[in-house]
Structures are given as structure tokens and as C-alpha cells.
1. If only Cα atoms are counted, what is the Rg of the range 78-214, and what is its Dmax, in Å?
2. Have a look at Leu76, Ala92, Ala131 and report the one farthest towards the positive end of the charge dipole of the range 75-166, computed about the Cα centre with Cβ charges (Lys/Arg +1, Asp/Glu -1).
3. Determine the distance separating the Cα centre of the range 16-30 from the Cα centre of the range 155-173; give it in Å without decimals.
4. Can you pull out the GluC sites (Glu not before Pro) in the range 173-236 that DSSP calls coil and that have at most 10 other Cβ atoms within 10 Å?
5. Which one, Ile83, Ile30, Ile146, has the greatest fluctuation when you compute a Gaussian network model over the chain with C-alpha springs under 10 angstrom?
6. Figure the gain on full extension for Phe102 and Asp230 (residue separation times 0.36 nm, minus the Cα-Cα span) and round it to one decimal in nm.
7. Could you size up the charge dipole of the range 106-167 around its Cα centre, putting +1 on the beta carbon of Lys and Arg and -1 on that of Asp and Glu, and report it in debye to the nearest 20?
8. When you count, for each residue, the other Cβ atoms within 10 Å and take the mean per peptide, how do 110-118, 66-74, 10-18 rank with the highest first?
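Computed from the coordinates by the stated procedures, all read-outs in this text should not be read as laboratory data. In this text the structure is predicted, and so the values were computed from the model without any measurement. Note that we place each Cβ from the backbone using ideal geometry, even for glycine, and neighbour counts take in every protein chain shown.
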Amino acid sequence: MNDILEALFHRRAVKVFEPVKIPQVLREQILDAARHAPSSFNMQPYRFFWVESSARMATAAKLCLGQMPAATASALVVAVADIGSLAATSQAQLEWMRRSGFSHAKIRDYERTAKIGRILFMPGPLGIFGAVKWAIFRLVNLWKAIGMPPLFRQDVLKWATKSTSLACENLMIAAEALGLNTCPMEGFDSRRLSRFLGLSVRYHEIVMVIAIGKKSPAYAEPPQWRRPLDATVTVL
Ligand SMILES: Cc1cc2nc3c(=O)[nH]c(=O)nc-3n(C[C@H](O)[C@H](O)[C@H](O)COP(=O)(O)O)c2cc1C
């Protein structure tokens, strides 16, 4: 089988890891694979916290409700949807385009798109701008096919969560391909874990925590079950 498919089909949510240290070179490859995932408007609206020092691991594992994958992992990767980084990201991309010799027209196009993006993604105080956007887009949609931008802060976070989740899947498949195992988890105390990482309630939301390490030889994987293809796919 193709190597990528092999990693994809072999990946399991592993519940017990053996104590091994993940070398820095593997850590960097795994995180690099994560950030190569596609993201909406290439805005990469996420931040990964790689927790590996034993004191911090102990606290983070406790905040993952003491779950076995968290308690035995070599590292915990907290994947955070980050909507506070958008302006800096488009600015960084603009600077990269200038340095890389993109034409003036292409740079102007990007500046225009980034400006529209900033306006569309801004919920405004008390979500008032979101309500105005909703009314305008709904009206236009009565006679024209248009995509609805995220309106309120929760919609923007939901938008960021999609791209964050794709990066998480890349991260898990890369770990598998490099001989490691993972377990994605959403069983955690979001409020306490956010505070532990110094996250902002306004801009950040933890999407999942990924336990990463080497599967314990003592851990027996249960058989893998999936719904049949025709229950999950509609071919039109
Ligand atoms: C978003 C998400 C949250 C999950 N949360 C947990 C969790 O908190 N604890 C856990 O042990 N497994 C968790 N899992 C793992 C699933 O239980 C597992 O992927 C599923 O049972 C299928 O098993 P498989 O991945 O080995 O095929 C989570 C998976 C996803 C995608």
C-alpha cells in the first residue's frame, strides 16, 4: 500500500503509551506537517502548545481529567483555534510576497482581499456588526448565490476550528508515519487548561488535546469499527 494510506489506515486512538522521549527532530517534523495542512484563506488560525516537561505534563494530564492516554503520553499537544492572529498573519504573508518578488498587481490584490477579510471577520462590539452583516448578506442572498461569512465571535471560532482540525489530522498522520502513536481528546477542563496556557477567552478556544507517544506493548487495541461506506457517503 502507498505509505500515506498505510499511515492513515494504521492510525488508532491509542490509550496507553510507554515512557519514551520524542527527539526534537521528530517533534519538529510532526509540527511542520501540521502547519502544512490547508487552511481557510491560508490564515492558519491556530496555535499548538507542545507540553513535554514533566511538571507541566502532570498538570495538563490532570486537566485532561486524568485520562490514561494523557497520563502516559510522552507529550500533549494542545491545539488551539486562534482568531487573535489574523491581522499579523495577513501582514506576514504580505511581507513574504514583497520579499519574494510578487508583482505589484498580485500584492495589491492580496491587500484588498485581506482588507475585505478583516472587515468580514470582525464581529464588532457586542456582535452589533455581526447583526448588520447578517441583514446585508441575507438580503443579497434573496436574489444572488453568496457565501455567508462568519457573523459572530462564535462563528469566527467555528471557522478557525475547521482549519485547526485539519492541522490536527495532519499532525496525527505524520506522527504515525514517523513510528509514533496518538490519541485525540476532547475530554478536558477547557477553562482550567486555557488558564494554565495563558489563553485569552476572547481569541482562543481549545479544539482538542492530542496525546502523543509510543504505544505500550501491553496495550491491546480493540477492533476498529466504522459505519459502512453507504451510511456515510451519498454519490449524486
Ligand atoms: C474530537 C475527538 C475527541 C476525542 N476525545 C477522546 C477522549 O477524550 N478520550 C479518548 O480516550 N479518546 C477520544 N477520542 C478518540 C476516539 O474515541 C477514537 O478516535 C474513536 O473511538 C475511533 O477509534 P480509532 O481512532 O482507534 O479508530 C476522540 C476523538 C476525536 C476525533
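1. Final numbers for Rg and Dmax: 18.5, 55 Å.
2. Ala131
3. Between the Cα centre of the range 16-30 and that of the range 155-173, the gap is 22 Å.
4. On the way: sites: Glu176, Glu186, Glu205; in loops: Glu186.
Loop-located and lightly packed - Glu186.
5. Fluctuation is largest for Ile146.
6. Values: separation 128, 0.36 × 128 = 46.08 nm, distance 4.60 nm.
Difference between extended and current length: 41.5 nm.
7. Rounded to the nearest 20 debye, it is 100 debye.
8. Output ranking for 110-118, 66-74, 10-18: 66-74, 10-18, 110-118.
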